[in-house]
Amino acid sequence: MAGDTRPVLSARGLAKSFGAVVAAAEVTIEVPAGEKLCLIGSNGAGKTTFVNMVTGYLTPDAGTIELDGETITGLAPRTIARKGICRSFQIPQLCIELTAEENMLVAIAAAEPRGLSFWADPAAGGRDARARELLDRFGIAAMADRPVSEMPGGMRKLLDIAMALARRPRLLLLDEPTSGVSAEEKFPAMDRVMEAVSGQASTIVFVEHDMDIVRGYADRVIAFYSGRVISDGTPDHVLSDAEVKRYVSGGAA
Amino acid sequence: MSRTVLVLVAAGLMAALLLIGLALPRWLLFLVTLAASHGIVSVGILVIMRGGLVSFGQGLVFAIGGYAAALSFTQLGITDVIVLILIGTAAAALVGAAVGPLLARYTGIFFGMLTLALSMVAYGVLIKSPAVGGSDGFNIPRGTLFGVRLEGAGGDYALYALAILVTGIAATAVALHTRSARGLMTRAIHGNGLRVEYLGTSVQSVMAINFTIAAALGGLGGALTIVALGHIEPTFAFWTQSGEFVFVAILAGSHSVTAVFIASLALELVRSFSNLYFPNTWQMALGLFLLAIILFLPAGIGSLWAGRRKASPSSGGETP
């Protein structure tokens, strides 16, 4: 964390619209190394559009995105992933006919530089050990040999995040890591994710709807409303903002 | 099945087939030689199919391998069948490497139709090319192996043995590839290509290389076929020929390369017997055969012994 003056991620003046719908306007966000930044906002506020622009799925109409000072605007998702931005998905994106371990091996093989080992056994070259280690971190090692199609939703969610860590990304984006988890299980689930992630990735941007989770885990919060950033600061500051209360958190905060 | 066991089983299978060949009548030796030569083309389709795409144009690479080998014989005077097979394989692989990256940009039916279109363009060009015999094609005399001319019963057996060894080794390589990180990545692309891209791998480049591998196998099959058949014509690139390769791949299912050769042999047997006993309706016999497979073995012949992972969670992978 210390000694790094340049932000890991620097997005400036991002704009994106779909026809008449403005999904992003003048979005400027800098994420310093080691920060856990939470994005909040109601559905359609522009959180996922931001995540999609940063990971290359969408190209912004205007603005620039830099990773460690290098411009990555408009690059393909795979190129951006190679540069160190990895993401998990709100709906887990897995290969359901493969086992949990095979999914991990795919992620690990994808993270390695292409070489002869790509033509060797998937488990070779320490890939199996790394796969087990990551599955273990998320407490899903017992399910390693099961096809994903037989795994419960919560475990798929964890596997999805574990795969995003295979590369030890510079920046990890988690799209609603606790969605689909019941209210009383949200804290244990988030604890598990944060514990598992520690040491693998330190700079994290996550999207979350539960304000208690936001308060508990974020260093900083950014609130979106119709494509714009309406508040940016500490959790206490943002969650007590009148506009945020009206448009995002409702009466809950 | 571990990789060592796989190689040992494959070697044992090839040795057994070489021995059995000594007892087979000449017509059956020829039939098995053709089935192996055609089967390896369908093994190539399997390499693509595992990534979720089907090529309806493998006739293209089959014809390129065949013509490259045949022309090397008649124009350049190269008679050694092993060299001819290498030339056919290399020529088709080169074409595959050239068109693969273009084709790999497409998925689903677009990919299938483009491969079909390319093969039909090749067919059209070949049929209008008097230099290579036009629609009649041309004949190729029997080649040589280590300086010995392949004639008579001995020559037939030598070609049979060559076909078993060459296609056997190539198929074993494909089975090993299936168990590699690349092979796993190919299956992952079939399962969720978008996620693979997000993990940092180019789906297009993996599929382009898979197409090149399939092209090399197609060229290998084409060269082996003309060496055994002694004849080549533009129908090698015709869509019905490509369709037959897909037919065999579907018949076999994507679980096992061994099943592809069984399916290929079954096709050759059904074809020759139906031709003999009901020459005008042999396609119908083939249709009924495929219908029976689809009804009773929807995952292909290979599912009889491979790909039953759900029943036995301890097993480590597919069998060859």
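The values are calculated or read from the model by the stated rules, or taken from the named source; none is laboratory data. Keep in mind that what you see is a predicted model, and the values were worked out from it rather than measured. Because the Cβ atoms are built from the backbone with ideal geometry, glycine has one as well, and the counts that use them run over all protein chains shown. To get the accessible areas, we keep the full protein, side chains included, count just its heavy atoms, and leave off ligands, DNA and RNA. Shrake-Rupley method; radii C 1.70, N 1.55, O 1.52, S 1.80 Å.
Quickly run through region A:103-138 and pick out the residues that are part of a loop (DSSP other than H, G, I, E, B) and free of Cβ contacts under 8 Å to residues at least 24 places away in the same chain. Give the derivation first.
At the first step, the residues of region A:103-138 found to be part of a loop (DSSP other than H, G, I, E, B) are A:112-115, A:120-126, A:138.
Result: A:E112, A:P113, A:R114, A:G115, A:A120, A:D121, A:P122, A:A123, A:A124, A:G125, A:G126.
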Open item on the list: Of everything in region A:214-243, what is touching a Phe, Trp or Tyr at 6+ places or on another chain (Cβ under 8 Å) and surrounded by fewer than 20 Cβ atoms within 10 Å (Cβ to Cβ)? Give them in sequence order.
Closed with: A:G216, A:Y225, A:I230, A:E243
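Take the residues of region B:169-182 that are facing chain A (nearest Cβ under 8 Å) and in a helix (DSSP H, G or I): which is surrounded by the fewest Cβ atoms within 10 Å (Cβ to Cβ)? Walk me through it before giving the result.
If we filter region B:169-182 for residues that are facing chain A (nearest Cβ under 8 Å), which is where we start, we get B:177, B:179-182.
After this cut, where a residue has to be in a helix (DSSP H, G or I) as well, the list is B:177, B:181-182.
Details: B:H177: 17, B:A181: 23, B:R182: 20.
It comes out as B:H177.
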Open item on the list: Every residue in region A:162-192 that is surrounded by fewer than 23 Cβ atoms within 10 Å (Cβ to Cβ) and in a helix (DSSP H, G or I), please.
Closed with: A:A183, A:E184, A:E185, A:K186, A:F187, A:P188, A:A189, A:M190, A:D191, A:R192
TODO: Scan region A:70-91 for residues that are touching a residue at least 60 places away in the same chain (Cβ under 8 Å), open to solvent by less than 40 Å² (accessible area, probe 1.4 Å) and more than 7 Å from every other protein chain (Cβ to nearest Cβ) and report the count.
DONE: 5
Task: Among the residues listed as B:G100, B:G96, B:G66, the single one being open to solvent by less than 10 Å² (accessible area, probe 1.4 Å), within 13 Å of the chain's Cα centre (by Cα) and of a type outside the set (A, V, I, L, M, F, W, C) - done: B:G66
Open item on the list: Just to be sure before I move on: is B:V206 within 11 Å of another protein chain (Cβ to nearest Cβ), surrounded by 23 or more Cβ atoms within 10 Å (Cβ to Cβ), in a helix (DSSP H, G or I) and among the β-branched types (V, I, T) in the structure I sent?
Closed with: no
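Confirm whether B:F261 is open to solvent by 40 Å² or more (accessible area, probe 1.4 Å), in contact with a helix residue (DSSP H, G or I) (Cβ under 8 Å, 6 or more places away or on another chain), over 30 Å from B:V7 (Cα atoms) and modelled with pLDDT of 90 or more.
On the way: open to solvent by 40 Å² or more (accessible area, probe 1.4 Å): yes; in contact with a helix residue (DSSP H, G or I) (Cβ under 8 Å, 6 or more places away or on another chain): yes; over 30 Å from B:V7 (Cα atoms): no; modelled with pLDDT of 90 or more: yes.
So B:F261 does not fit the description; no.
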Open item on the list: I need a count of the residues in region B:110-141 that are on the phi < 0 side of the Ramachandran plot, assigned to a loop (DSSP other than H, G, I, E, B) and surrounded by 19 or more Cβ atoms within 10 Å (Cβ to Cβ).
Closed with: 1
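Being more than 11 Å from every other protein chain (Cβ to nearest Cβ), of a type outside the set (V, I, T), buried (at least 16 other Cβ atoms within 10 Å of the Cβ) and part of a strand (DSSP E or B) is the requirement here; does A:A15 meet it? Show your work before the answer.
Details: more than 11 Å from every other protein chain (Cβ to nearest Cβ): yes; of a type outside the set (V, I, T): yes; buried (at least 16 other Cβ atoms within 10 Å of the Cβ): yes; part of a strand (DSSP E or B): yes.
Criteria met by A:A15.
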Open item on the list: Among the listed residues A:F224, A:F206, identify the single one that is touching a residue at least 40 places away in the same chain (Cβ under 8 Å) and farther than 17 Å from A:E35 by Cβ.
Closed with: A:F224
TODO: Would you mention how many residues in region A:92-116 are facing another protein chain (nearest Cβ under 7 Å) and of a type in the set (G, A, S)?
DONE: 4
